[in-house]
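So the structure is just underneath, and the comments pick up after that.
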Amino acid sequence: MKFRKISSLTLVVFFALVICARADMKQIKAYKEAFPGEAPKCVACHVDSLPKKDDGKHELNEYGQKVTKENPEPTAETYQKVGKAEEVKK
């Protein structure tokens with residue numbers, strides 16, 4: 001019985017993490033669709049190179065703010081309209 005509860009809890013946590021990571025993957029795929037051959041890193045849109053959801057570590061940089069201002073759920077068209085991350089940082 002105890003094993004079953006732990007297994008169930010583990011599965012719930014796993015699926016919650018997968019759903020969170022999936023949103024990031026959608027954005028990376030949209031960026032790659034907009035700019036084929038590019039491999040964006042977290043720091044392209046975030047202040048920290050490994051952003052975390054806690055302690056405000058997920059703060060967006062100038063490029064990330066431009067993208068989310070254009071569209072809170074960015075698509076390839078959004079990234080094309082805003083431009084590449086390197087272009088905004090110059």
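Just so it is clear, none of the values below were taken in a lab; they were calculated from the coordinates. What you see is a predicted model, and the numbers here were worked out from it, not measured in a lab.
Structure summary
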read-out	value
Net length gained if the chain between T68 and K81 were fully extended (0.36 nm per residue, minus Cα distance)	3.5 nm
Cross-link reach list, lysines versus K52, counting only Cα pairs under 24 Å and skipping chain neighbours closer than eight places	K26, K29, K32, K41, K66, K69, K84, K89
